[in-house]
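To keep things clear, I will list the structure first and then write my remarks on it.
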C-alpha cells in the first residue's frame, strides 16, 4: 500500500506539471482527492493491514495527502498570479454597481456657496424663525403700520396673529437684540409673499441677509464687501455698480447691479445700505457710536442667473430630471 | 411714473440724450425701468420708491434733473406764491364744512362758472396719453394735467349736481351706498372719509369721485377740489375697497400741503385758458394744518466722512442740497444747518442728508474698503444652521436627492396625507386654495414630489428635505426622508426598499450627528404610518418612521409602497460633548462563534441581545444579526435568527473550555427567558 501511495504521488506530480488551465486542475483535484478519487480508494485498503503496518501506512497517507494538497494549491496560485484570461474575463464597460450619490438642491448649492464666501470674510452663519411677529418683520425695521413702504413687503398672516416673514431682515433684529456689537452675520432663509405665481414669482422663495455692526463701519466697507462677493460669485471680471435706492431699514440705501454681457443690460442682484439709526435705536444700540451695513439678496434669482433656469417654479416642482443635473 | 421727455422740457433745458438722461436718473436715485421711444417721443419709465412722493410729478423730476445738470427749473407762475383765502360770499352758492379735521387737515374749493366743455388741445391730449391717462374733456383733463405736473390730485364736481349747496367732509355711515365714477356701486363701512353733499356721498376722499356729480358734456359750472387728506385714511380706503387711482397713490404717500392752493390756482388759470371758465369764488380754503416749519438738521462734515467713507467739502454739500431745494445755512466750522421743504418730509435725520449729498455726488465716488475683522470670544454661529449644510451633504452622498417643497398647502392635500387639521394654522390672506395652511409636517409635500416623478416614469426615488413645519403654535426644523421603489437596483442586484433601509439611513444620520443614546419603539405613533417605529432620544420622541398607509397611497394614487420618516432636528446640533478618550485596541485575539435558533415572532431582537449580553458579560463585545428566516420548516408565528458573536478578553486568550462555557451560559439563558429552540 505504501508503494501504491508513492506511485500515486509520482503520477500526480507528472500530471500536475502538464496542466494547462484551471478547469483541468479542478478535474485533477477531483481525480486524486475527490470522495471517490484515487487517494480515497488506495487509503481504503488500510483496513486490511496489521496494526504495525497501519501505523506506517497512516504516516505515509498523511504525508502524501498533505503533499497533494500543497501541490494543487500552489498550482492554483500559479494560475491566479499569471492571470488566466479564459476564466477571468469581464466586461469593464458594464456600469459600476456601487450606489450612486444623490444631489443637493440647486438653491442649497447657491446658499452654501454664498455663505462660504462671507464666512471667509469673517461673517457668522445664523438663522431665524419663519413664523414671526409684526415687531421683527416690520416695526423694529422702521416700517410703520399703514405706511406705503409695506406695499413692497406684502405678507401672509396666520390665524394666531403671527405672520410669515416676508424678508430675512428679521434676523437682523433677532441678532442685535441678543448680542452686543461688533458682529458680522450671514443668514439664509425662506420668506413668503402673497405674489401671484408665474415664471419669475413664487409666493415662497429664499433670501440671504447680511449684517455688520461695529465702530467706524462706513459705506466704503459696504462697497468693499459686496464688490468682493460679486467678483467671487460671478467671476473676477464682473462689472458692478451701486445705485441709490430706498429701503426703510437702511440709509443710504443702494441697489447693486451687475453687467450682463449676454443681455447687454444691468441686472439687479442685491439690495443694501447702512443700517438706519432708527433700527439701531430700536435694539438699544447707540447710533452715534456704532454704524453698520446690511444687505439682502434673492437666492432663486442668483440660481436662475447662474444656471440659466428660466422658470422659478422649477425649483419647487422637484422633477428629478431637473434636480439631478446639479 | 412715466416721464415724457417732451413734457419735461417745458420746465427745464435738457441737452442729454434720453438714454444718457435715464442713466443719470438711475445713478442719482430715480431708478429707470425702461426707455420707450414710440412715435419719436421718448418716455422714461421710473420706479418711484415710497419715500419720494415728490417725484410723482414732472416738476418733481425736473428738480431731480436740475440737481445733476445744474440747469434751472422754470416753474409756472401759479406755483410760485400762495394765494390768500377768499372771503365767503353769497354768490359762491357753496358752503364747505370739514367735520373730520384730522382726516382732512386742508380742503379747498373753487367755483368756476360758464365752462365750455370740449376736447382738450391736442398737445394736452398727447401729453396725458404719454403718462398713461386717457383724455376725456378739457375740464377733466385739467385736473389730471395738474396732478401730473405738480403731484397734487384734483377733482372737478359738476356744481349744479351738488345738492343743498353744501360740501361736507365726514366719515361714512355703515352701509351707505356710493356710485363711483367707474360705475361700480360701493357699500361703505362706518369709518371711510368721504365728501358728501347735503344728501349723499359724492366721493371717497382722495380715492375716487362719484358718478352722480360727474362732469359731462352739459356741465356749465364746476367746483374744483384740491385738498390734503391724511395718508393713513386714504390707504385704509384703498385697501378696504381695493380701488387704486393716481390720486390715492399720491395721497397715500403724502402730497405737499403747500401745493394744495397753488395747484388750485394753476387749474383755475387753465380753466380760463382751455375752457373759458371764470373763477368767481377765489380759493375757498379750510386750512387746519398746524403751521409746521420743518425741524432744522445739522450736517457735520466730519461725521459724513466717517459714515460715507468719502470726504465731501461742506461747501460742496451745501451746493448739492441747495440744488435739491433745501434751505441751508452755515452753523459753525464744518457744519451746515439744513431745513427740508414740506415736499421732502422723508428727510428727517442727518444721515438722510448724507444720502442726498452722496446720491448726487455719485455712489461710484466712494472707494472700496474691506472692514477689519475684530475677534469676538462669543461664538455667534448658529450650530443648527451650520450643521444642516453638513447633514445635507452627508445625505446626498449616501444616495438621497434633496427636494424643496412649498410650505403652504391646501387643506385637501393635508387631509389626504392623514394630517390632523386641528393642530394646523390657516393662512388668513391666502390668494389661492393652494396657500390655505402652513404645513404641519412634510409628508404631503413629499408625496406630491414623488407623484410628480412617478407620473414621469420614475421607478426608484430616494428623497430628503430639511425644512420647518408649524403646528400648535410651534415651529420645528425637521428632516423628511422618503424611499419609493427599489433602494438598490442595477444589473447585479435588486433590493426592494424596506422599513429597515430607512432605519439604516436614520442611524447613519444619528451617527453623523454623534447622537448615540437613542432607542426604537416597537411601533410608530404616527397614524399615517403603518409597520413603523418611533425614535426616542433622552426620553423624547424625535422621529416616526414607517410605511405610508395604504389608504393614503390610494388617495394620492401612488402605486407602490412609500417608506417615510420625519425627524425633529432641533436640539441635535447643540449637544455639548466632552472630548472623547480612546479605548486601547485589544491585544488578544477575538473568538467568533455563530448561534442560530427558532423563536417566537413577538420577542424583539433588542431583548434577545440584552439577554445575551447579560449572560456572557463582560466578554461578549459584539452581536451581529446576520440572518432572519421564516417559511419552510419554521412553525407559524416563529422565525429563525442567526447571530455572529464575538468574544474578547482584555488580559489573555480564551481556552476552548472557557468559550464553551460562555456559549452554554448564553444558550441556557435564551432558553430560560424566551424558550428558544437551537438549530
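Looking only at residues in the range B:577-601 that are closer than 21 Å to residue B:644 by Cβ and in contact with a helix residue (DSSP H, G or I) (Cβ under 8 Å, 6 or more places away or on another chain), which one is surrounded by the most Cβ atoms within 10 Å (Cβ to Cβ)?
The extreme case among them is B:597.
Quick check on my filter: what residues within the range A:182-204 are touching a strand residue (DSSP E or B) at 6+ places or on another chain (Cβ under 6 Å) and more than 9 Å from every other protein chain (Cβ to nearest Cβ)?
A:186, A:191
Can you pull out the residues in the range B:298-329 that are surrounded by 19 or more Cβ atoms within 10 Å (Cβ to Cβ), touching a strand residue (DSSP E or B) at 6+ places or on another chain (Cβ under 6 Å) and under 22 Å from residue B:254 (Cα atoms)?
B:321, B:326
Of the residues that make up the range B:32-40, is at least one within 14 Å of another protein chain (Cβ to nearest Cβ), outside any helix (DSSP H, G or I), at pLDDT 90 or above and out of contact with any helix residue (DSSP H, G or I) (no Cβ under 7 Å at 6 or more places or on another chain)?
yes
Conditions: (1) buried (at least 20 other Cβ atoms within 10 Å of the Cβ); (2) under 18 Å from residue B:352 (Cβ atoms); (3) more than 9 Å from chain B (Cβ to nearest Cβ). Residue A:282 meets all but one. Number of the miss?
(1)
If I ask for residues that are surrounded by 20 or more Cβ atoms within 10 Å (Cβ to Cβ), outside any helix (DSSP H, G or I) and over 14 Å from the mean Cα position of the chain (by Cα), which ones from the range A:104-123 would you list?
A:123
Would you confirm whether any residue within the range A:82-98 is part of a helix (DSSP H, G or I), surrounded by 12 or more Cβ atoms within 10 Å (Cβ to Cβ) and out of contact with any strand residue (DSSP E or B) (no Cβ under 8 Å at 6 or more places or on another chain)?
Looking through the range A:82-98, none of the residues is part of a helix (DSSP H, G or I), surrounded by 12 or more Cβ atoms within 10 Å (Cβ to Cβ) and out of contact with any strand residue (DSSP E or B) (no Cβ under 8 Å at 6 or more places or on another chain).
What's the number of the only condition in (1) on the phi < 0 side of the Ramachandran plot; (2) within 14 Å of chain A (Cβ to nearest Cβ); (3) part of a loop (DSSP other than H, G, I, E, B) that residue B:29 fails to meet?
(1)
Going by the structure shown, is residue B:449 at the interface with chain A (Cβ under 7 Å from one of its Cβ atoms), part of a helix (DSSP H, G or I) and under 28 Å from the mean Cα position of the chain (by Cα)?
Considered against the rule, which asks whether it is at the interface with chain A (Cβ under 7 Å from one of its Cβ atoms), part of a helix (DSSP H, G or I) and under 28 Å from the mean Cα position of the chain (by Cα), residue B:449 comes out as yes.
Inside the range B:381-408, can you point out the residues that are within 30 Å of residue A:100 (Cβ to Cβ), facing another protein chain (nearest Cβ under 7 Å) and in a loop (DSSP other than H, G, I, E, B)?
B:399, B:400, B:403, B:404, B:405, B:406, B:407 - these are the residues of the range B:381-408 that are within 30 Å of residue A:100 (Cβ to Cβ), facing another protein chain (nearest Cβ under 7 Å) and in a loop (DSSP other than H, G, I, E, B).
Scanning the range B:409-440 for residues that are part of a helix (DSSP H, G or I) and within 20 Å of the chain's Cα centre (by Cα), which turns out nearest to the other protein chains (Cβ to nearest Cβ)?
Residue satisfying both the conditions and the ranking: B:435.
Taking the condition more than 7 Å from every other protein chain (Cβ to nearest Cβ) and at pLDDT below 95, does residue A:209 pass?
Considered against the rule, which asks whether it is more than 7 Å from every other protein chain (Cβ to nearest Cβ) and at pLDDT below 95, residue A:209 comes out as no.
Counting only residues that are touching a strand residue (DSSP E or B) at 6+ places or on another chain (Cβ under 7 Å) and modelled with pLDDT of 95 or more, which one in the range B:198-208 is surrounded by the most Cβ atoms within 10 Å (Cβ to Cβ)?
Among them, the one singled out is B:205.
For residue A:221, are the conditions met, namely being out of contact with any helix residue (DSSP H, G or I) (no Cβ under 9 Å at 6 or more places or on another chain) and at the interface with chain B (Cβ under 7 Å from one of its Cβ atoms)?
yes
Which ranges mark the strands (runs of 3 or more DSSP E) fully within the range B:130-227 that have 1 or more residues being under 38 Å from the mean Cα position of the chain (by Cα) and under 20 Å from residue B:275 (Cα atoms)?
B:154-158
To keep it simple, each residue is scored yes or no on (1) assigned to a helix (DSSP H, G or I); (2) free of Cβ contacts under 8 Å to residues at least 60 places away in the same chain; (3) more than 14 Å from chain A (Cβ to nearest Cβ).
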site	(1), (2), (3)
B:299	no, yes, no
B:304	yes, yes, no
B:307	yes, yes, no
B:328	no, yes, yes
B:347	no, yes, no
B:353	yes, yes, no
B:376	no, yes, no
B:379	no, yes, no
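Does residue B:573 satisfy the criteria of being closer than 30 Å to residue B:543 by Cα, touching a helix residue (DSSP H, G or I) at 6+ places or on another chain (Cβ under 6 Å) and part of a loop (DSSP other than H, G, I, E, B)?
For residue B:573, the condition - closer than 30 Å to residue B:543 by Cα, touching a helix residue (DSSP H, G or I) at 6+ places or on another chain (Cβ under 6 Å) and part of a loop (DSSP other than H, G, I, E, B) - is met.
Listed here are the residues, each with its yes/no results for (1) within 21 Å of the chain's Cα centre (by Cα); (2) within 11 Å of chain B (Cβ to nearest Cβ).
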position: A:291; (1), (2): no, yes
position: A:295; (1), (2): no, no
position: A:301; (1), (2): no, no
position: A:306; (1), (2): yes, no
position: A:312; (1), (2): no, no
position: A:322; (1), (2): yes, yes
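Say whether the condition of being in contact with a strand residue (DSSP E or B) (Cβ under 6 Å, 6 or more places away or on another chain), in a helix (DSSP H, G or I) and closer than 25 Å to residue B:201 by Cα is met by at least one residue in the range B:113-128.
No, every residue in the range B:113-128 fails to be in contact with a strand residue (DSSP E or B) (Cβ under 6 Å, 6 or more places away or on another chain), in a helix (DSSP H, G or I) and closer than 25 Å to residue B:201 by Cα.
Every residue in the range B:478-509 that is free of Cβ contacts under 8 Å to residues at least 40 places away in the same chain and not in a loop (DSSP other than H, G, I, E, B), please.
Within the range B:478-509, B:488, B:489, B:494, B:495, B:500, B:504, B:507 qualify.
For the range A:314-326, name all the residues that are touching a strand residue (DSSP E or B) at 6+ places or on another chain (Cβ under 8 Å) and not in a helix (DSSP H, G or I).
A:318, A:324, listed by residue number.
Can you tell me which residues in the range B:21-41 are under 20 Å from residue B:320 (Cβ atoms) and either assigned by TED's automatic domain parsing to the domain that holds residue B:342 or free of Cβ contacts under 8 Å to residues at least 40 places away in the same chain (or both)?
B:23, B:26, B:30, B:31
Which is touching a residue at least 40 places away in the same chain (Cβ under 8 Å), touching a helix residue (DSSP H, G or I) at 6+ places or on another chain (Cβ under 6 Å) and either more than 21 Å from residue B:248 (Cα to Cα) or part of a helix (DSSP H, G or I) (or both), of B:44, B:96?
B:44
What number of residues within the range A:128-155 are within 7 Å of chain B (Cβ to nearest Cβ) and modelled with pLDDT of 95 or more?
Residues in the range A:128-155 being within 7 Å of chain B (Cβ to nearest Cβ) and modelled with pLDDT of 95 or more: 3 in total.
Checking residue A:192 against (1) crowded, with 22+ Cβ neighbours inside 10 Å; (2) without any contact (Cβ under 8 Å) to a residue 24 or more places away in the chain, which test does it fail?
(2)
The values are calculated or read from the model by the stated rules, or taken from the named source; none is laboratory data. No experiment lies behind these values; they were computed from the predicted model shown. Ideal geometry is used to build each Cβ from the backbone, glycine not excepted, and the neighbour counts take in all protein chains shown.
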